[in-house]
Number of protein chains: 2
Amino acid sequence: MTMRPPAEAGDSLQDVDTPALVVDLDSLERNLDRMARAVADTGARLRPHAKSHKCPEIALKQIAAGAIGVCCQKVSEAEAMAEGGIDNILVSNEVVGRPKLDRLAALSRKAWIAVCADDAGNVDALEAAAGRADTVLNVLVEIDVGAGRCGVAPGEPAVVLAKRIAGHSRLRFGGLQAYHGRAQHIRAHDERRRAVEGAAELTRQTVALLAEGGLGCGIVGGAGTGTYAFEAMSGVYNELQPGSYIFMDGDYGRNLGADGAPFDEFEQSLFVYATVMSRPAPDRALVDAGLKAFAVDSGLPAVHGFADVECVGASDEHGLLAIKGNGDGFGVGDKVRLVPGHCDPTVNLYDWLVGVRRGAVECLWPVTARGAVL
Amino acid sequence: MTMRPPAEAGDSLQDVDTPALVVDLDSLERNLDRMARAVADTGARLRPHAKSHKCPEIALKQIAAGAIGVCCQKVSEAEAMAEGGIDNILVSNEVVGRPKLDRLAALSRKAWIAVCADDAGNVDALEAAAGRADTVLNVLVEIDVGAGRCGVAPGEPAVVLAKRIAGHSRLRFGGLQAYHGRAQHIRAHDERRRAVEGAAELTRQTVALLAEGGLGCGIVGGAGTGTYAFEAMSGVYNELQPGSYIFMDGDYGRNLGADGAPFDEFEQSLFVYATVMSRPAPDRALVDAGLKAFAVDSGLPAVHGFADVECVGASDEHGLLAIKGNGDGFGVGDKVRLVPGHCDPTVNLYDWLVGVRRGAVECLWPVTARGAVL
């Protein structure tokens, strides 16, 4: 059920069939390099999140640029990464239910694996799974540092859970997962910084309390594309987990930098390539990409390079463009690049990433973990 | 890159791994039967839309229940249906670009194929593709009857395009596509009916004008789950194209019937099955299904069977539930059924449909056209 690739290496961009997920390789490589340099100065390790790209080829490039491994959110994602040659994986999420726990334990015999927990019963289930697989699992305690999602409270509750982990024979206490998801898209730079400073303080206190109890944190992990510089400066986080920086998207593009201008540290490298399939009126065009070609949870896509053309609607297989200017470039058969509002769930819709450099297709990368929800 | 199935036939529902797309087979079969009976009285033919299920097994059930074939939106969807044994397919959409046109023409040598057009240049491109494949293509003129999407204006512009089709040696004029997409989710019954009456009147005038020109309409197609009864009564539509009726979703569930009560002609048969993966507070639970497990373009999912539990947020791999009641049934490891806001783009996220009857897994159906965007 893998779909045919929309292009072959050597094709011109113009010949890529649509809708297709296109990545500008020059921009991608500059983004990889910029993050590597930004983190290199800080002493923190880079462990990018593979949930954004789901593509071992890109993970290997991240590791070649200095990353120590990757994060995944799902066991099936971790399996795809391990199969693709990644040998150091943190599942930065809770894993619940015997089938998944057994797969996770089996995977830990092939790669270095760590996982998060926020529940005593789940810790005991991890121990049981590790026993069935005759392996050892590294377990981090997830603490809620402001995201309001998973995680025990910082401080004493985290110590109680860490001790439970350390008390099991098949588990190793691996540290803390302290990701502040909500902070990533706070628009104003200083407000974003303050949110992470608050998270870092809670994390610092918890690390200290664990140390008093004789529990060292191998990993103190968190951070995303919107805040990684703040966690890096904190002195407490030692692993940074940004994912979107390689691609960027409309939502991250709306964040502001320290100077109040749009956040432009990384380049938009990811596009949904689409064809105008109907031009029923001078002020209206339809493209062949809709809700099955881009995610809309963070808004409709932008039309790259056309300030006077706006995507104003989407149905399953149609994108509705409102044309305010002369409409040149929007005849039936013309192709356009859309900037998705949110890269991660957009990538998850595709089997292939089309790597393009200066107008020519250079590579087709399988999105191996596309649909890896289990 | 097909993901593992989340269950095996014979498993109990409780053992299905999550997130998974689960369909209640009793409800699905009652929906199939209700639509078949509702249409049987009208003289119109039923051509359900396969974009909702993307699954040949379901298409074959629809045909066994009296449908004459299916609609698809994409050539790759039509290919998957033809491969699955469906031999009568209307691509109820424009197809643009030589690769797709050549695939469409090739397909027409294996199955009865029709396609829509709203552009003279596209009609000429269809003729050229049919010539290259040494085949004949059936082409419908799409008219805009109020949807504001694709389509030429009803009346004379449709006649001009129909004549162009009929004037080509490799094309057969097949009729009109007159789908009023916007009408499907008008909540009030009478307002929905009036919208379709307006569309039917424009369609009727166009059919008459075509007849004056000697052009008969084999197909006059349109209608969806929200309005099919009105098109069926119109006397002008002869093919009905509902898709969602087999599954239903949160958005259709908000439509109102003639009595002002929620539209309940069809049953909710489709669910995203999810596991509680974290229960960090009495009023909060996280499930393992997020933006990669359900579409949110028509709102967040409902939690089936729990009036006092609401899904209030979603991130890539998490669904955030607010618990107002006692929270029983929402411990770590408990499983729940979510009702997606929009069935079509939700189904498109999965490789497998898990068919369940009275608590046991009866079948695993591949979503063959998952990701079929080309």
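What to note about this one:
- Scanning the range A:225-239 for any residue that is of a type in the set (V, I, T), open to solvent by 10 Å² or more (accessible area, probe 1.4 Å) and out of contact with any His (no Cβ under 9 Å at 6 or more places or on another chain) turns up at least one such residue.
- Complete set of residues in the range A:288-341 that are more than 9 Å from chain B (Cβ to nearest Cβ), among the charged types (D, E, K, R) and touching a residue at least 40 places away in the same chain (Cβ under 8 Å): A:K324, A:D334, A:R337
- Here A:Q14 clears all of (1) closer than 22 Å to A:G224 by Cβ; (2) within 14 Å of another protein chain (Cβ to nearest Cβ); (3) loosely packed, with under 15 Cβ neighbours inside 10 Å except the condition numbered (1).
- Residue selected from the range B:143-158 under the condition in a helix (DSSP H, G or I) and open to solvent by 10 Å² or more (accessible area, probe 1.4 Å), by the criterion nearest to the other protein chains (Cβ to nearest Cβ): B:P157
- Unmet requirement for B:R193, which otherwise passes all of (1) more than 14 Å from chain A (Cβ to nearest Cβ); (2) under 21 Å from the mean Cα position of the chain (by Cα); (3) touching a residue at least 40 places away in the same chain (Cβ under 8 Å); (4) open to solvent by 10 Å² or more (accessible area, probe 1.4 Å): (3)
- Single unsatisfied condition, A:E8 versus (1) outside any helix (DSSP H, G or I); (2) more than 13 Å from chain B (Cβ to nearest Cβ); (3) loosely packed, with under 14 Cβ neighbours inside 10 Å: (2)
- Residue count, the range B:17-38 (criterion: under 27 Å from B:V236 (Cα atoms) and open to solvent by 10 Å² or more (accessible area, probe 1.4 Å)): 6
- Residue within the range A:196-207 that is open to solvent by less than 30 Å² (accessible area, probe 1.4 Å) and under 24 Å from B:A322 (Cβ atoms) present: yes
- The listed residues are B:N93, B:N88, and the only one of them that is surrounded by fewer than 23 Cβ atoms within 10 Å (Cβ to Cβ) and within 26 Å of the chain's Cα centre (by Cα) turns out to be B:N88.
The values are calculated or read from the model by the stated rules, or taken from the named source; none is laboratory data. The model shown is predicted, which means the values in this text are computed figures rather than measured ones. Backbone-built Cβ (ideal geometry, glycine too); neighbour counts: all protein chains shown. Ligands, DNA and RNA are excluded from the accessible area calculation, which covers all protein heavy atoms including side chains. Shrake-Rupley method; radii C 1.70, N 1.55, O 1.52, S 1.80 Å.
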